[in-house]
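Let me give you the structure first, and then I'll get to my questions.
The values are calculated or read from the model by the stated rules, or taken from the named source; none is laboratory data. Since this is a predicted model, take the numbers as computed values, not measurements. A quick note on method: Cβ atoms are made from the backbone with ideal geometry, for glycine too, and the neighbour counts reach across all protein chains shown.
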Amino acid sequence: MSLLELDSVEVTYSRRGRDPVRAVAGASIDLRPGEIMGLVGESGCGKSTLARVAAGLLAPSAGAVRFDGEPIGKLSRRARPRREVKLQMVFQDPYSSLNPRRRIGSQLADAIRINRLLPADQHERRVVELLGHVGLPASALHSYPHQFSGGQRQRLAIARALAAEPTVLVLDEPLSALDASAQAQVANLLLQLCRELKIAMLLISHDLAIVRQIADRISVMYLGLIVETGTTQQIWSEPQHPYTRALIGAIPHADGLGTKPEALPGEVPDPARPPSGCRFHPRCPHTHDRCTTAAPSLIPLAGERTVACWLHVEGGAGPATDTTTTDR
Ligand SMILES: Nc1ncnc2c1ncn2[C@@H]1O[C@H](COP(=O)(O)OP(=O)(O)OP(=O)(O)O)[C@@H](O)[C@H]1O
Ligand SMILES: [Mg+2]
């Protein structure tokens, strides 16, 4: 069963005097209990928008979001039903969730108090436990955010999210503001929290190497749509969508370290004026007539993976050998 389900989600931003942007154009994702799902794609493809919808911070223009089987709506933090505090978000910049002028101990205690999770006399014990979960000493509770390194601050932001005892964390580029060694350490911490505390994570990252290292499954997003989903092993060893192949093919080193999808050839189209048919067709090496006129929907392939590409026939395991594929 899915713990967090995004079903054909659309988000359109209206802009004064300019065309509206359909930043998310009907994307579906399901996150299962205790798994890490990586969400990858080039800059501007709608990852952060989708993350904010997934965390209940932004209402979709169309489609549905379900958490634990129940629809969620956009509500202020305080007005949210209690069960929805189990859905927490971590941002790229830890300062956005930490107050620079308050000691760590009282900020973490606040998160416990706001969610009415424990009586006041147990707050300090729990704060120390939360610091332990993120690998920081108990003495950190007396310090201010600026007294920590970037990696430590991100650990604190994660501890703040953990205070709500989440079953799901949505993390939007949680590592991209960190240096390489802090990235690796925080990535390991996420994996450990997922396994030990059984927290499911939707992990948005530009860095394919890190996603490969810690995600159980990967969804690939292109211009507002999910174009492929599969296990990390499947996506890595047998990418089916030409875009996924291009993303992985753009990695210069065997170990894939530090690779960003920006390395892909061709321009990312303007999401306010997306190409007709398959949105990837102007950059695709396999484009044929149908790709320019009709958008492929996500097709299930063997092994619980899905792909949205005309090169694939329903139930098929790989690219069709000719381009006259079956209509769906
Ligand atoms: N508040 C907004 N108003 C108008 N357009 C927006 C707004 N927020 C995002 N957009 C546009 O929506 C599209 C998707 O943006 P989003 O931030 O979700 O992408 P992203 O995949 O997270 O990119 P990045 O990797 O650079 O963080 C972009 O074209 C962006 O310019
Ligand atoms: Mg973003």
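Check Arg101 against each of (1) more than 16 Å from ligand 1 (Cβ to nearest atom); (2) over 26 Å from Leu298 (Cβ atoms); (3) of a type outside the set (Asp, Glu); (4) touching a Ser or Thr at 6+ places or on another chain (Cβ under 9 Å) and name the one condition it does not meet.
It is condition (4) that Arg101 fails.
To continue, here is another question. Scanning the stretch 34-57 for residues that are more than 10 Å from ligand 2 (Cβ to nearest atom) and part of a loop (DSSP other than H, G, I, E, B), which turns out modelled with the highest pLDDT?
So the residue we want is Glu35.
Scan the stretch 139-153 for residues that are of a type in the set (Gly, Ala, Ser) and either in contact with a Phe, Trp or Tyr (Cβ under 9 Å, 6 or more places away or on another chain) or not in a helix (DSSP H, G or I) (or both) and report the count.
Result for the stretch 139-153: 3.
Name the residue, out of Leu136, Leu118, that is in contact (Cβ under 8 Å) with a residue 12 or more places away in the chain and outside any helix (DSSP H, G or I).
Just a single option satisfies the conditions, and that option is Leu136.
Restricting the search to the stretch 16-37, which residues are over 14 Å from the mean Cα position of the chain (by Cα) and touching a residue at least 60 places away in the same chain (Cβ under 8 Å)?
Scanning the stretch 16-37 gives Arg18, Asp19, Pro20, Val21, Arg22, Ala23, Ala25, Gly26, Pro33, Gly34.
Let's see how each residue does on (1) closer than 30 Å to Ser276 by Cβ; (2) at pLDDT below 95:
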| residue | (1), (2) |
| --- | --- |
| Glu196 | no, no |
| Ala200 | no, no |
| Leu203 | no, no |
| Asp207 | no, yes |
| Ile210 | no, yes |
| Gly224 | yes, no |
| Trp236 | no, yes |
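Go through (1) of a type outside the set (Phe, Trp, Tyr); (2) in contact with a His (Cβ under 6 Å, 6 or more places away or on another chain); (3) surrounded by fewer than 16 Cβ atoms within 10 Å (Cβ to Cβ) one by one and return the number of the condition Gln192 breaks.
Gln192 satisfies all of (1) of a type outside the set (Phe, Trp, Tyr); (2) in contact with a His (Cβ under 6 Å, 6 or more places away or on another chain); (3) surrounded by fewer than 16 Cβ atoms within 10 Å (Cβ to Cβ) except (2).
From Leu50, Leu58, grab the single residue that is more than 17 Å from Ala272 (Cα to Cα) and either surrounded by 16 or more Cβ atoms within 10 Å (Cβ to Cβ) or basic (Lys, Arg) (or both).
Leu58
Kindly check whether there is at least one residue in the stretch 66-81 that is farther than 28 Å from Gly151 by Cβ, buried (at least 17 other Cβ atoms within 10 Å of the Cβ), within 19 Å of the chain's Cα centre (by Cα) and touching a residue at least 40 places away in the same chain (Cβ under 8 Å). Walk me through how you get there before you give the answer.
Narrowing the stretch 66-81 to residues farther than 28 Å from Gly151 by Cβ: 66-76, 78-81.
Keeping just the survivors that are buried (at least 17 other Cβ atoms within 10 Å of the Cβ) gives 67-68, 72.
This time we only want the ones that are within 19 Å of the chain's Cα centre (by Cα), so: 67-68, 72.
Okay, now just the ones that are also touching a residue at least 40 places away in the same chain (Cβ under 8 Å), so 67-68.
Yes, some residue in the stretch 66-81 is farther than 28 Å from Gly151 by Cβ, buried (at least 17 other Cβ atoms within 10 Å of the Cβ), within 19 Å of the chain's Cα centre (by Cα) and touching a residue at least 40 places away in the same chain (Cβ under 8 Å).
Mind checking which pairs have a first residue in the stretch 201-228 that is at positive phi and a second that is within 16 Å of ligand 2 (Cβ to nearest atom) and assigned to a loop (DSSP other than H, G, I, E, B), Cβ under 7 Å, 6 or more apart or different chains?
Short answer, once both residue conditions are applied: Leu223/Cys45; Leu223/Pro271; Gly224/Cys45; Gly224/Gly46; Gly224/Pro271.
Go through (1) within 16 Å of ligand 1 (Cβ to nearest atom); (2) over 30 Å from Ser2 (Cα atoms); (3) surrounded by fewer than 20 Cβ atoms within 10 Å (Cβ to Cβ) for Ser181 and report which single condition fails.
Of (1) within 16 Å of ligand 1 (Cβ to nearest atom); (2) over 30 Å from Ser2 (Cα atoms); (3) surrounded by fewer than 20 Cβ atoms within 10 Å (Cβ to Cβ), only one is false for Ser181: (1).
Assess whether Arg160 counts as being charged (D, E, K, R), closer than 19 Å to Ile112 by Cα and touching a Ser or Thr at 6+ places or on another chain (Cβ under 9 Å). Walk me through it before giving the result.
On the way: charged (D, E, K, R): yes; closer than 19 Å to Ile112 by Cα: yes; touching a Ser or Thr at 6+ places or on another chain (Cβ under 9 Å): yes.
Against the criterion (charged (D, E, K, R), closer than 19 Å to Ile112 by Cα and touching a Ser or Thr at 6+ places or on another chain (Cβ under 9 Å)), Arg160 qualifies.
Condition check: in a loop (DSSP other than H, G, I, E, B) and over 12 Å from Gly38 (Cα atoms). Does Leu175 satisfy that?
yes
A further question on this structure: Output the residues belonging to the stretch 12-49 that are touching a Gly at 6+ places or on another chain (Cβ under 8 Å), of a type in the set (A, V, I, L, M, F, W, C) and near ligand 1 (Cβ under 8 Å from one of its atoms).
Answer for the stretch 12-49, where residues must be touching a Gly at 6+ places or on another chain (Cβ under 8 Å), of a type in the set (A, V, I, L, M, F, W, C) and near ligand 1 (Cβ under 8 Å from one of its atoms): Ala23, Val24, Cys45.
Inspect all residues belonging to the stretch 23-32 and state whether any of them is of a type in the set (D, E, K, R), within 16 Å of ligand 2 (Cβ to nearest atom) and not in a loop (DSSP other than H, G, I, E, B). Spell out how you get there, then give the answer.
Filtering the stretch 23-32 for residues of a type in the set (D, E, K, R) gives 30, 32.
Next, from what is left, pick out any that are within 16 Å of ligand 2 (Cβ to nearest atom): none.
Scanning the stretch 23-32, I find no residue that is of a type in the set (D, E, K, R), within 16 Å of ligand 2 (Cβ to nearest atom) and not in a loop (DSSP other than H, G, I, E, B), so the answer is no.
Separate question: Any chance you could count how many residues in the stretch 93-111 are in a helix (DSSP H, G or I) and not hydroxyl-bearing (Ser, Thr, Tyr)?
8
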